[in-house]
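Chemist: The following block contains the structure, expressed as structure tokens.
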Amino acid sequence: MKPFLQSPAVRMGLSISVATGLYGLSFGALSVAAGLDFWQTMGLSLLMYTGGSQFAFVGVLAGGGAPASAVGAASLLGVRNAIYGMQLNALLRPRGWLKPVAAQLTIDESTATASAQTTPEEQQRGFWTAAIGVFIVWNVCTALGAWAGNALGDPRQFGLDGAAVAAFLALLWPRLRQRDARAIAVCCALVTLLAVPVVAPGLPILLAALVAIGWGWLRREGR
């Protein structure tokens, strides 16, 4: 057990599990504030299980957007996990029943932890530590957040309506090290700000996502 815990990949995976999983508290409370009940909130964390999509889904609903817009926003943000899955399938080569489990647990954090390692063994340890760790902590914290939201009333009276924004920024900030990433973020933010006053709730984030997709496509075509 000691060598396992001394693994850099395991230590990274455990730290990421705690840091990321705690955002589940905010998600649970915000989901209840958006009108979902406890079991609907838990269903999103257990089945959708991708933080950005979950926050987008409840954020659109909380803003008065239609369910279709909420699903569209969540789906566009979730597309990245399919790309991660292709990368990790080649990297980890899961077999049998592990393959669908790995697909469900493929998120930003498990992908980043695995990709940061230099040996196949550490890549396996990093992926599974982060994948299982985040899943457990996220869902436990989601339950606590949803329960607290129900027990305390409307979480917005405590300022938790800003928690989703803070969570997005915390997840986004480390990814803005490259010039292209910063440029895309600025363009998407500008499109969102311009669209908010003139389109229905939920659509600005879809427009911003389309801008990001278009940017990536043009960059790829230009190479």
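Chemist: Measure off 7 Å from each Cα along the Cα-to-Cβ vector at residue 83 and residue 185, then give the distance between these two points in nanometres to one decimal.
Modeler: With each label point 7 Å from Cα toward Cβ, the separation is 1.6 nm.
Chemist: From the phi of every residue in region 102-116, what ³J(HN,Hα) in whole Hz does the Karplus formula 6.51 cos²θ - 1.76 cosθ + 1.60 yield, where θ is phi - 60° and glycine or proline is x?
Modeler: 3J(HN,Hα) across region 102-116, in whole Hz: 4, 4, 5, 9, 7, 9, 3, 5, 5, 5, 5, 5, 5, 5, 7.
Computed from the coordinates by the stated procedures, all read-outs in this text should not be read as laboratory data. All of these numbers come straight from a predicted model, not from anything done at the bench. Note that we place each Cβ from the backbone using ideal geometry, even for glycine, and neighbour counts take in every protein chain shown.
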